[in-house]
Amino acid sequence: MYRSETTVRVRYGETDQMGYVYYGCYAMYYEVARVESLRQLGLTYKSIEAQGIIMPVLENKSKYIAPARYDELLRIVCVIREKPGIRIKFDYEIFNEENKLIHIGETLLVFVDKQSSKPCKPPETMESVLQPFFK
């Protein structure tokens with residue numbers, strides 16, 4: 001299992017009239033956590049795409065427990081529980097400044113060969129950096 005953390009400060013434009021984070025922004029928070037999670041492993045989306053592999057999202061799930069609010073610093077925990085195959089699943093837990101769990105999410109992505117548009121295995125660089133977490 002691989003686990004990482006990142007933080008995001010809620011910007012005014014991400015909130016609705018009640019001052020709550022608009023529900024559609026959580027997918028963006030997932031992406032920030034996912035990108036930073038890979039960066040902490042020494043990988044970037046840019047480097048993966050340079051290898052001819054793209055990673056479209058197949059599924060996006062969210063459970064809203066409590067609202068996030070304007071100017072709060074959110075801590076996003078991103079977890080890869082299973083070794084990736086053709087697909088990779090990321091789980092997310094979002095905590096507010098009081099360390100209260102306010103949101104749970106999940107995204108399922110697929111590795112796709114950019115030229116053939118067909119599913120493929122993860123790039124070798126990703127497999128090698130994740131290997132120690134899945135012994």
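No value in this document is a laboratory result; all are computed from the given coordinates. Here the structure is a predicted model, which means the values were calculated and not measured. Here the Cβ positions follow ideal geometry from the backbone for every residue, glycine too, while neighbour counts run over all protein chains shown.
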Problem - Members of the stretch 10-25 that are within 16 Å of the chain's Cα centre (by Cα) and surrounded by 14 or more Cβ atoms within 10 Å (Cβ to Cβ) - result: CYS25
Problem - So GLY42, is it on the phi < 0 side of the Ramachandran plot and in contact (Cβ under 8 Å) with a residue 24 or more places away in the chain - result: no
Practice task
Show the residue pairs that are 6+ apart or on different chains and have beta-carbon atoms under 6 Å apart, the first residue being within the stretch 53-68 and closer than 25 Å to LEU101 by Cα, the second being assigned to a strand (DSSP E or B) and among the hydroxyl-bearing types (Ser, Thr, Tyr).
Solution key: VAL57/THR107; ASN60/THR107; PRO67/TYR20
Handout entry: Every residue from the stretch 81-115 that is free of Cβ contacts under 8 Å to residues at least 60 places away in the same chain and touching a Gly at 6+ places or on another chain (Cβ under 9 Å)
Key = ASP91, GLU93, PHE111
